[in-house]
Amino acid sequence: MINSLKQLFRTEIRPKTTIPVAEGDLRPFITGNRASLGQIDNWIDEKAFASSYFNYGVPDFIRDKINKPINTTPTYTDLMAYIASKYFQSVNYLEIGVSVGKNFYQMQQSLENAELTGFDIEEINPVLEKGLERISKTEWDTPPGSIKKNRSSLTTYHAGNKNIRYLSADVWDENSWAKLEGSKFNLVFSDALHTPEAILFEFEMLVKYQLLDEKFVIVWDDLVGKMKKSFYRIIRKYHKAYNLQEINLMSINGWIGEYENAHSVGLISNFKF
C-alpha cells in the first residue's frame, strides 16, 4: 500500500479526503432522500430474500436495522444526488450492486431527468419493482460455474417519465456487460463484489464497451485494504486518457446511515467540481 501511494503521488495526483460539497448545499437532498426512504416500511421481501444468492448484500449485523430511519448525517446517496443535480442536465445512472435497492430507489426519486440502470446478481427486489411498470424482459444463459444458477436477464420499466433497466447477471459475465453497449453513463456507482479484482474488471468493462459519457463521475463504495490499491491503479492507468480532474477518497455514511461506521468512498470525475 505504501508503494502504491508513492507511485500515485509521483504522478502528482493527490486524492482529496473531505466531502467535496458543503453540508449546507446537501441539505435539500438529505431532506428529500429521507422522505423517500420513509415511503417504504419494509425493504426486504422475505420470500425473495430466502431464495437470494448473497442475501441481497445485507449482512447479518445490519439485517435488523435495514428498516430503521436514519439521521441527517450526509450519505453517499445525498452526495451523488447533489452532483447529479448540479452538474448534469440529464442523468444516465448505472448502479453496480443494487442490493435491496435503498440507494437505487432514492436516486430514482431524486433525479428529475434521468434514465437509471441497476446491475446485480440477484433478481430485482420485489419491494423495488412494485412501483415500476414492466415493459419488456430478455433472457440469456448464465455462464457455467457462476454462482448465479438461473438465467440472466435485462428488464425494462417505466417509472413516470423515467426509463429504468435492471440487469440481473453475474458481474464477471462479459456477455452481460455487452448488453449495455451503446449506453453512455455519466454517473456510475460501484457497490457490488468488494474485491480488488472485481472493481478492476468492472472498470475494464466500462472502457471496453465505451459505457462512459464525455462527462462522467464514478463513485466506489467500501475502498478498504486491497480495494484501495485497485482504486489507485485505475487512477494511474487512466488519469491521462480521461483527463481526470477530481479524485477523492473520503469517509461518508452509506445507506444504512449511522448504524455502521462511515464508509471509505472513492470518487473520480473528468471535470472540476
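Read-outs throughout are calculated quantities, based only on the coordinates presented, and are distinct from any laboratory measurement. In this text, all values refer to a predicted model and were calculated from it rather than measured experimentally. All Cβ positions, glycine included, derive from the backbone under ideal geometry; neighbour counts span all protein chains shown.
Roughly speaking, what is the centre-to-centre gap between the range 60-76 and the range 107-142 when only Cα atoms are used, to the nearest Å?
22 Å
What percent does the relative contact order of the chain come to when contacts are Cα pairs within less than 8 Å and at least six residues apart?
On the way: 489 pairs, mean separation 58.6, N = 273.
21 percent.
For the ranges 105-112, 131-138, what's the packing order if you count other beta-carbon atoms within 10 Å of each residue, average per peptide, and put the highest first?
Values: 105-112: 20.6, 131-138: 12.6.
Final packing ranking: 105-112, 131-138.
Based on DSSP, what percent of beta bridges with both residues in the range 31-159 are antiparallel, to the nearest 5? Show your work: numbers first, answer last.
Numbers: 7 of 13 bridges.
For the range 31-159, the DSSP antiparallel bridge percentage is about 55.
Taking θ = phi - 60°, what integer Hz values does the Karplus form 6.51 cos²θ - 1.76 cosθ + 1.60 yield along the range 197-208, in sequence order, with x for Gly and Pro?
Working through the residues one at a time gives 5, 5, 6, 5, 5, 4, 5, 4, 5, 4, 6, 4 Hz.
Using all alpha carbons of the range 26-177, what is the percent of pairwise distances in each 5 Å bin, ordered from the shortest bin to the longest?
All Cα pairs considered, the percentages come to 2, 9, 18, 21, 21, 16, 10, 4, 1, 0.
If r is the Cβ-Cβ distance from residue 42 to residue 241 and R0 is 45 Å, what FRET efficiency results, to the nearest 0.05? Present the calculation step by step, with values, prior to reporting the outcome.
Working: r = 45 Å, r/R0 = 0.99.
Once rounded, the FRET efficiency stands at 0.50.
Subtracting the Cα-Cα distance from 0.36 nm times the residue separation, let me have the gained length for residue 90 to residue 62 in nm, one decimal.
Working: separation 28, 0.36 × 28 = 10.08 nm, distance 3.39 nm.
This chain segment gains 6.7 nm when fully extended.
In terms of modelled amide H atoms, which long-range or inter-chain residues lie less than 5 Å from the amide H of residue 88?
Sorted by chain and number, the residues that satisfy this come to none at all.
State the label only: which of [x] 20.2, 81; [y] 20.8, 69; [z] 17.8, 52 corresponds to Rg and Dmax of the Cα atoms in Å computed from the shown model?
Recomputing Rg and Dmax of the Cα atoms in Å here picks out [z].
Checking a compactness column here: for the range 77-137, what do you get for Rg(Cα) / (2.2 N^0.38 Å), N being the number of residues? Don't jump to the answer; show the numbers that get you there.
On the way: Rg = 11.8 Å, N = 61, 2.2 N^0.38 = 10.5 Å.
Dividing the Cα radius of gyration by 2.2 N^0.38 Å gives 1.12.
By the scheme Lys and Arg +1, Asp and Glu -1, what is the net charge of all other residues having a beta-carbon under 13 Å from that of residue 237? Don't skip to the end; give the middle numbers.
Numbers: positive: 229, 233, 236, 240; negative: 204.
Net local charge, residue 237 excluded: +3.
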